[in-house]
1. From the list L38, L101, exactly one residue is under 25 Å from E152 (Cβ atoms) and under 16 Å from the mean Cα position of the chain (by Cα). Which is it?
2. All but one of (1) under 22 Å from G40 (Cβ atoms); (2) within 14 Å of the chain's Cα centre (by Cα) hold for F123; state the number of the condition that does not hold.
3. Can you tell me how many residues within the stretch 140-154 are in contact (Cβ under 8 Å) with a residue 24 or more places away in the chain and either part of a helix (DSSP H, G or I) or over 23 Å from K73 (Cβ atoms) (or both)?
4. Can we say T83 is β-branched (V, I, T), surrounded by fewer than 17 Cβ atoms within 10 Å (Cβ to Cβ) and without any contact (Cβ under 8 Å) to a residue 40 or more places away in the chain?
5. Hey, any hits in the stretch 37-56 for a residue that's over 23 Å from S125 (Cα atoms) and in contact with a helix residue (DSSP H, G or I) (Cβ under 7 Å, 6 or more places away or on another chain)?
6. Please determine whether any residue of the stretch 86-97 is surrounded by 15 or more Cβ atoms within 10 Å (Cβ to Cβ), out of contact with any Pro (no Cβ under 6 Å at 6 or more places or on another chain) and modelled with pLDDT of 90 or more.
7. Looking at (1) hydroxyl-bearing (S, T, Y); (2) at pLDDT 95 or above; (3) buried (at least 16 other Cβ atoms within 10 Å of the Cβ), which is the only condition T70 fails?
8. Regarding the stretch 57-70, can at least one residue be identified that is farther than 18 Å from G27 by Cβ and among the polar types (S, T, N, Q)?
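The values are calculated or read from the model by the stated rules, or taken from the named source; none is laboratory data. As the structure is a computational prediction, the values presented were derived from the model and not from experiment. Ideal geometry is used to build each Cβ from the backbone, glycine not excepted, and the neighbour counts take in all protein chains shown.
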Amino acid sequence: MKMNEHSTVFPDSFYRVTVKGLCVREGKILLFHESPALSGKWEIPGGGLDFGEDIKLGLKREIEEETGLTIKKISDKPFYVWTHRFENNERKLGWYYSLVLAYRIDFEDLNFTATDECEAIEFFSKEDLKTIELCGQTNELADIFDPKDFEELF
């Protein structure tokens, strides 16, 4: 992107805020496989906040909508933060930026039933992240995910 490039849709300071959940067990991170109607790729659970929505309530809402799973614990602050540029997206906005706030989470259980949005869930190692097809914002995770960041008990 050129430094003087401007969006015709959003003000220059606008970022869409996305909240993601990092469930890590035994050094592996849980990803959701989106249905083919969406991306058909592996994605970090979570989604975009609604205007004015509380971060933790939004994260719980997004994950429950996608999978029916219930979060039992969320870290007090994000573990990872990054930005992602969406281009040629389903929102027909040309391009826009997303600010991703990724919180450590844990679930009540992983009794998962496929939904219209999510076909499967699976744990992946850092090495695995470089060999699977990741969706949009999840691509950055392959570079920043470090299992050592999650060694402390949660």
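1. Answer to the selection: L101.
2. That leaves (2) as the condition not met.
3. 6
4. So T83 does not fit the description; no.
5. yes
6. no
7. Status for T70: all satisfied but (3).
8. Looking through the stretch 57-70, at least one residue is farther than 18 Å from G27 by Cβ and among the polar types (S, T, N, Q).
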